[in-house]
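*Asks:* The structure that follows is given in the form of structure tokens.
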Amino acid sequence: MLIDSHHHLWAYDSEEYGWINDQMSVLRQDFLAPQLREIAAESGVDGFVSVQARQSMQETKALLQIAHDEPLIRGVVGWIGLADSDVEAQLESVSGREKLVGMRHVVQDEPNDRFLDGEAFNRGVAMLAQHNLVYDILIFAKQLPAAIDFADRHESLPMVVDHMAKPTIQGGIMDAGWEAGFRELARRPHLTCKFSGVATEVRDAEWNIDTVRPYWDVALEAFGPKRLMFGSDWPVCLLRTGHKQWLDTVRDLASELSADEQADFFAGNAIKAYGLHA
């Protein structure tokens with residue numbers, strides 16, 4: 001079985017997806033269920049986790065509707081205003097919806113590197129456990145210190161680290177600051193990590209498997225094969241790689257694992273982390 005633990009869907013609108021800039025023209029189109037089915041057929045994906053791409057309740061509800069109609073989508077990580085005064089009402093409006101498995105906030109875009117310390121935000125995050133929802137951590141490496149403290153404040157809430165906390169990747173140069181913080185974050189047993197979104201963090205003009213291998217090695221050593229999962233970050237990955245090209249690269253990296261470990265990495269860990277129906 002193959003579960004892609006991280007992808008996005010959108011009906012492209014320049015105002016709604018303002019983060020898609022002029023250098024991302026390949027993303028200025030619709031990526032919806034028909035395109036997802038094509039990717040599944042090409043790469044042999046059995047199921048996907050759809051993740052929010054803009055901070056809107058409207059998008060969360062739209063993703064849940066798409067997931068209701070599309071069997072390939074096993075789970076949805078949505079968005080609500082976790083720091084809003086009416087967060088409880090927002091949560092109640094979507095809680096219990098079929099396939100809703102978690103929530104995410106785009107912390108990487110927050111100007112304050114200590115955004116995760118916010119009292120109102122933490123109060124909202126603490127409510128997720130009552131609804132059996134996971135929290136996805138989306139940060140840049142510079143925000144790792146705050147993420148470590150954040151994870152410690154919510155030891156009973158399962159969390160998933162998106163895109164390995166986004167190191168700065170350059171061939172031959174390890175992001176040492178990222179590595180130290182990432183390894184420390186991984187010591188929290190209630191966290192799982194996605195090996196996803198890696199190619200788009202490469203600063204070199206070209207990349208290959210040897211460019212990303214050192215980061216795979218760190219992620220595997222830090223989280224182990226029971227807390228690491230495959231994700232594509234499609235269609236954002238198209239900025240640097242195709243879905244199948246990324247999958248083939250990761251299959252090569254993971255070939256060192258045992259058959260059981262590969263089964264966990266490519267499906268089992270995502271199923272466990274998000275409580276997906278196998």
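*Asks:* Pairs under 9 Å by beta carbon, first residue within 23 Å of Phe266 (Cα to Cα) and in contact (Cβ under 8 Å) with a residue 12 or more places away in the chain in segment 28-46, partner part of a helix (DSSP H, G or I) and small (Gly, Ala, Ser), six or more apart or different chains?
*Replies:* Asp46/Ala40; Asp46/Ala267
*Asks:* Further, regarding this structure: Going by what's in this entry, would Asp217 be described as touching a residue at least 60 places away in the same chain (Cβ under 8 Å) and within 22 Å of Phe266 (Cβ to Cβ)?
*Replies:* No.
*Asks:* Can you name the condition, by its number, that Ala67 falls short on among (1) outside any helix (DSSP H, G or I); (2) at pLDDT 95 or above?
*Replies:* All conditions pass for Ala67, except number (1).
*Asks:* Could I ask something else about it? Please tell me if Gln55 is touching a strand residue (DSSP E or B) at 6+ places or on another chain (Cβ under 9 Å), touching a residue at least 24 places away in the same chain (Cβ under 8 Å) and surrounded by fewer than 22 Cβ atoms within 10 Å (Cβ to Cβ).
*Replies:* So Gln55 fits the description; yes.
*Asks:* Here are some conditions: (1) farther than 22 Å from Val125 by Cα; (2) at pLDDT 95 or above; (3) not in a helix (DSSP H, G or I). Tyr17 meets all but one. Which one does it not meet?
*Replies:* (2)
*Asks:* Taking only segment 50-80 into account, find how many residues are over 15 Å from the mean Cα position of the chain (by Cα), under 16 Å from Ser232 (Cβ atoms) and charged (D, E, K, R).
*Replies:* 0
*Asks:* To continue, here is another question. Scan segment 154-174 for residues that are charged (D, E, K, R) and over 16 Å from Met103 (Cβ atoms) and jot them down.
*Replies:* Within segment 154-174, Glu155, Lys166 qualify.
*Asks:* Another one. Residues Ala83, Ala41: which one is aliphatic (A, V, I, L, M), in contact with a strand residue (DSSP E or B) (Cβ under 9 Å, 6 or more places away or on another chain) and surrounded by fewer than 22 Cβ atoms within 10 Å (Cβ to Cβ)?
*Replies:* On inspection, the qualifying residue turns out to be Ala83.
*Asks:* Continuing with this model, one more query. Among the numbered conditions (1) in a strand (DSSP E or B); (2) in contact with a Ser or Thr (Cβ under 9 Å, 6 or more places away or on another chain), tell me where Ile80 comes up short.
*Replies:* It fails just one condition, (1).
*Asks:* Go through segment 243-257 and report how many residues are over 16 Å from Lys194 (Cα atoms) and hydrophobic (A, V, I, L, M, F, W, C).
*Replies:* 1
*Asks:* Does any residue of segment 234-256 turn out to be out of contact with any Asp or Glu (no Cβ under 7 Å at 6 or more places or on another chain), under 19 Å from Arg183 (Cβ atoms), in a helix (DSSP H, G or I) and not hydrophobic (A, V, I, L, M, F, W, C)?
*Replies:* Checked segment 234-256: no residue is out of contact with any Asp or Glu (no Cβ under 7 Å at 6 or more places or on another chain), under 19 Å from Arg183 (Cβ atoms), in a helix (DSSP H, G or I) and not hydrophobic (A, V, I, L, M, F, W, C).
The values are calculated or read from the model by the stated rules, or taken from the named source; none is laboratory data. Everything numeric here is computed off the predicted structure, so don't read it as measured data. Please note: Cβ atoms are built from the backbone with ideal geometry, for glycine as well, and neighbour counts cover all protein chains shown.
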